[in-house]
Every structure is written in structure tokens, then in C-alpha cells.
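Some notes on the structure that comes next.
Nothing in this text is a laboratory measurement; each read-out follows from the coordinates by a stated rule. Note that this is a predicted model, so its numbers are computed, not measured. Please note: Cβ atoms are built from the backbone with ideal geometry, for glycine as well, and neighbour counts cover all protein chains shown.
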Amino acid sequence: MRSESSSGHGFDPVARLNAREDVGLRRELSPHETVGARTRWTNDPCGAQPVFAGDTPAIVMASNNYLGLAGDDRVTDAAGRCAELVGAGAGASRLVTGDTPAHRALERDLARTKGTKRALTFSSGYAANVGTITALDPDVVFSDVSNHASIIDGCRLASSEVVVYDHCDPDALETAMADRANELASTDSWLVVTDSVFSMDGDVAPLSSLCDVAEQYGAWMMVDEAHATGLYADGGGIVQRDGLSDRIQIQLGTLSKALGAQGGYVAASEPVVELLANEARSFVYSTGLAPPAAAAAQTALSIARHGDRRQQLWSNVDRLRTGLTAAGYDIAGSSQILPVIVGDRQDAVALAAELAEEGIVAPAIRPPTVPEGTSRIRLAPMATHTSEDIDRCVKAFERAEVAP
């Protein structure tokens, strides 16, 4: 076997890993036995098969499986039936032979939920963002400074000028647009891009005020609902909660968080969806979303729309926030994501280790995922957590020796 030498024109992965280790940025995979509110987990076995020891499952407080649907029998049964009827994979790009009834059924329901004419599914939310921004290829993108990495990478890959505005600040956006209005041609295309719920801070973008600014300058709005889809009225996101479907030209999201499946989507007008199906490279040159994932997501969306999972989630969010606040913790955010800001990265790692000893899975979030000096424990309760689970989490924080 060829050796990995640092001499000549090769690479030195060991040195790069050691450099990350030295500054506290090396991460490891931590296999979990199941996807749910409670599971057994173990340290990274590298190339070996993981071994899960112990009989008591840990309580998972860091999952994006907000409604607990990833392991729901109705969702897994839908995936299994679709695999038997259609196949485990799409077999090709959607534009070749990978377009199936499972895709079309899901897209129809997504469009109805999001209040648009059409929807288009991608292999991931990341692919949806990168593909949409590069296909639109706007002359200028105005992007929130805290937007997700997939939005940032989409901006990097497009040939656009990128203007980053202050987090959730419509006034900063207006100032940036006013500056560019004096410099650019009136025919230039402008796109404002923002998350609706920010995954690390748990706060919510002021979408209505951002729409006001975008409309003042004739710009389009693109909103990533990855952490909001399925959690609000009729299974929608913040766009639906705030009644803004007719003011936002492009809505994106993921099928892998509250809907517990896999993939991403774009909901928009008929011409936009047709354009993306023809020019979004992450759609055109990727095998279509696996049909079982599409069927699972469609069933999960129906449960989110018509069941009581949303109410269960928000009840758990309120219970956890109230308990931690009473314990003396300052909890940021205004959504289902509850960040406990620690500050120092080593302190955050130590706190996460203490929580793990108490049977709570809530890893530390460190730079570069969050800015330096803002390391945190990101808590995300699920609809399927019991009151006892929530109270056990609060008790673990109360007993922790490392505290913000």
C-alpha cells in the first residue's frame, strides 16, 4: 500500500489533524444505536464496528429530529412500502429515469404546505441551497452574516457579488442596498438570502421587515426554512406562521430535520422550479432523491400537519427553558433550539462531558461552527421526550460543576 508521505507534492493529513488537536478543533464521530429521543452511544471505533455497552439508554438532547418522526412506525412503514414498490434508490438523475411517483407526491404536498405553485426535491438541503443560488446567479446576493454554510458555499460558487449584512438587522440590509443602488445598474438582479430559524442561536429572522426592505429595492427574497419546516401551522415554517408566502419568491428547506427523512426541497413558482430543474447542477447531475426517503417525508409532513406532535414539542421546549432558567442558566433563542452559551471552548467540552456522565447527549458546539468565544451546548428537545426526560436534563445541568 502506498504510504502517505509529506515529502514531494503529497499531503500530510496527520500534521493537519494534530494542528486541529492543538487548538481544540478536532472532532470525532460518535455512533448512536438508534435515531430517537433515547439511545445507546459509543466513542468512535474508527474502521471497526461500534459496540454499544450498558443497558440504560442516554437521552438525546442535540438532535434535529424535532418531532421524533425519524423512528415513527408510520414513517418507516411508508419508506419500506415505497422501497418494495419503487426501489431503494432512484437509479438515475430525475431528468433521465429517476423521476418517480414518490417524488411527485411529496412535491405536491410540499407546494401545498408552502403556498406555492411547485416544489422540487434535492438530495439534501445543502444541495438545494448551493444549486438554487448558483442557478439563479444573481448579480448581488445580500446574505445574513449567520447564514448556514450551505448558503455561504452557494454564494461562493456563484459569480455574484456577495454583501454580508448584520445578523437579523433590516436596517443594516437597507443601508447595504442603498449603497449598492448608487453603484449598480438598475437591471441588476438582487437576492436577499436568510435562514428563518438560525440553527446555532435559535433565533428567528424578522422576515416581514426584511421583505419590506427587499420590496423597496425590487429584490427577491429567498428563505431557508431548514429548522422550521413542519413545526408551525399546517406543517409550515416561519414563512407560513407570519403569513408571508406571497412575499417570498423562494422557500427552501430540508426533509431531514423535523420530517425525519432525508433530502431538501425548493418551493417556488412554476418558472423558478422549471429553471432549477434545468440549471441547478446539484439537481441535474445528482441521482434523484431515494424514493423511500420521499415517501417517508411525505408521511411525516402529513403527521406534522394533522397530528399533535407540534404541540408536544412546544410543551417540551417550554418545560426545558423554564427549568434551566430557574436553575440560573441564561438560555438564548426564541425557537425550539435552546443554546446554553458557555464561551470558552474547553469549558464547553468539559460541560458536555459532565452531561454525558449524567446520561445526556448534548455535545459542545465550538468554532468554526460558532464564533470564537461563544462555544455552547445546543439543546434541542424532541416531541417524543417525556416530562421525566426533560427534568432529568435540567437536573444534570444543576449538578454540573462547569457552568457559564
Answer in debye to the nearest 20: the dipole magnitude of the chain about its Cα centre, from +1 Lys/Arg and -1 Asp/Glu charges placed on Cβ, is 1220 debye
Semi-axes a, b, c in Å (a largest) for the range 13-112, each sqrt of 5 times a Cα gyration tensor eigenvalue, come to 35, 22, 15
Restricting to lysines and to Cα separations under 18 Å from Lys257, and discarding same-chain partners fewer than 8 apart, the set is Lys114
Classified through the alpha carbon gyration tensor (a ≥ b ≥ c as square roots of its eigenvalues; rounded if a/c is under 1.5, else prolate when a/b is larger than b/c, else oblate), the range 303-404 comes out prolate
Taking Cα pairs closer than 8 Å and at least 6 residues apart, the relative contact order of the range 41-156 in percent is 12 percent
Along the range 69-82, Karplus-curve 3J(HN,Hα) (6.51, -1.76, 1.60; θ = phi - 60°) to the nearest Hz, with x for Gly and Pro, reads 8, 4, x, 5, 4, 5, 6, 5, 5, 4, 5, x, 4, 5
Once amide hydrogens are built 1.01 Å from N within the peptide plane, the residues lying 5 or more places from Arg94 or on another chain with amide H under 5 Å from its amide H are Gly288
In terms of the charge dipole of the range 73-306, which places +1 on Lys and Arg and -1 on Asp and Glu at the beta carbon, the residue among Gly80, Ala181, Thr134 farthest towards the positive end is Gly80
The chain, Kirkwood Rh and Cα Rg, ratio Rg/Rh at 0.97
Scoring the range 73-306 by relative contact order with C-alpha pairs under 8 Å, at least six apart, yields a percentage of 33 percent
Note to self: C-alpha centroids of the range 86-161 and the range 27-54 sit apart, in Å, by 31 Å
Rounded to the nearest whole number, the per residue volume of the convex hull around the C-alpha atoms of the range 73-306 in Å³ is 104 Å³
In the chain, taking the dipole from +1 charges on Lys and Arg beta carbons and -1 charges on Asp and Glu beta carbons about the Cα centre, the listed residue (Val266, Ser146, Val163) farthest towards the positive end is Val266
For the range 135-244, the Cα gyration tensor yields equivalent-ellipsoid semi-axes (√(5λ), largest first, whole Å) of 23, 15, 12
Contact order relative to length for the chain, counting C-alpha pairs under 8 Å separated by 6 or more residues, stands in percent at 21 percent
HN-Hα couplings for the range 90-98 via Karplus (6.51, -1.76, 1.60; θ = phi - 60°), in whole Hz with x for Gly/Pro, come out as 6, x, 5, 4, 4, 6, 9, 10, x
